[in-house]
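This report concerns only the one structure given below.
Values quoted throughout were computed directly from the atomic coordinates according to the rules given, and no laboratory measurement underlies them. Since the model is a prediction, treat every value here as computed from it, not as a measurement. Reconstructed Cβ throughout: ideal geometry from the backbone, glycine too, with neighbour counts over all protein chains shown.
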Amino acid sequence: MVSYVCCALWLNKKATHSTKVYGNNLKERFCSMANLQTMVEKTTIPKAIISPKTTQSSDNQTITKAFWHLRTYRNCDYELGLKIVPLRSCLLHNNVNRILPQNEPLKPKIEHWVIKTKPKWKTDLLESHLDKESGELTDAGIYSTDDLTSGNYRKIKALNRFCDIFQPLYKKNKCSIFFLTLTLANQSTTDIRGFLNSYKTRLKRNGIKIMGSIWVLEISPKLHVHYHLLIATNRIFIKGKSIPNFLKGNDLWGCRTQIEFAKKHIRNYLSKYFTKNQFRILQKRTYGVSISKQFN
């Protein structure tokens, strides 16, 4: 991880796995406790591997959590969790008419999706609590995670970035945001990239510019695959009117879609799908975000 972790490992060789009080040793190692606190505060630990317990604070002490890697091992039940979802015929030949470069080999035809319902890799991390005032370092036990859980961290980070940009604009009525659901992804007439390209073109023809979008792939326990999208555009004035058909995109997707304009904090629309969805499709992205260059 960082220097702080390396120091902790060096000290760990010289003590038992019970409560350890290093105090002056840490001060001597880093010259002063202030330097140690600065290093701890700058330490970046992925949220995906942070223990669900909150950081403990009181009047006389502040506890900081630290994690370091113990082992990563293969899940013996991984193969039992692989499920097959067949694809609609039009998805099988989506690139049949594309002209390939002279030396580019033909890609194998994909006739189904393989869904991973159980993690392939599991990881054990040693969790320790550091009292930055006294220098007391205490082993708190083993924290276990896996590749499915850690993958959600990147999605949540992307969602936070999207919300930080467009939530203030939404509050000031400078943009419109709507929530779009694309059902039956394995039965649709196109993939998510093709839909977004066609949808963006359609909105542009109707005088609507997409300022940003974010999508997440969700797989239900019954292996129903669908997408959820948040799309931010310039202001759309349809108050008191029905939602225009061109916004729904049923014909572009080839299956039923649902649309709802945001009426609350936009993070609430996707956060539950980002955190609860644990299944993955092998060799397929589970989320995507696109933000106009003017906001970068």
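In Å, the Kirkwood hydrodynamic radius of segment 151-295 over pairs of distinct alpha carbons?
Answer for segment 151-295: a Kirkwood hydrodynamic radius of 15.6 Å.
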Check: Excluding TRP253 itself, what net charge comes from residues whose Cβ is under 13 Å from its Cβ, given Lys and Arg +1 and Asp and Glu -1?
Finding: +3
Next item on the list: Normalise the Debye intensity by I(0) for segment 178-258, one equal point scatterer per Cα, no solvent, then take log10 at q = 0.17, 0.19 Å⁻¹ and round to two decimals.
Entry: -0.67, -0.83
Notebook entry, point to check: What pairs from LYS120/LYS155; LYS174/LYS284; LYS172/LYS209; LYS263/LYS284; LYS222/LYS284 go past 28 Å between their alpha carbons?
Noted result: LYS174/LYS284; LYS263/LYS284
Next item on the list: Search the structure for amide H atoms under 5 Å from the amide H of THR189, placed 1.01 Å from N in the peptide plane, and list their residues when 5 or more places away or on another chain.
Entry: GLY254, CYS255
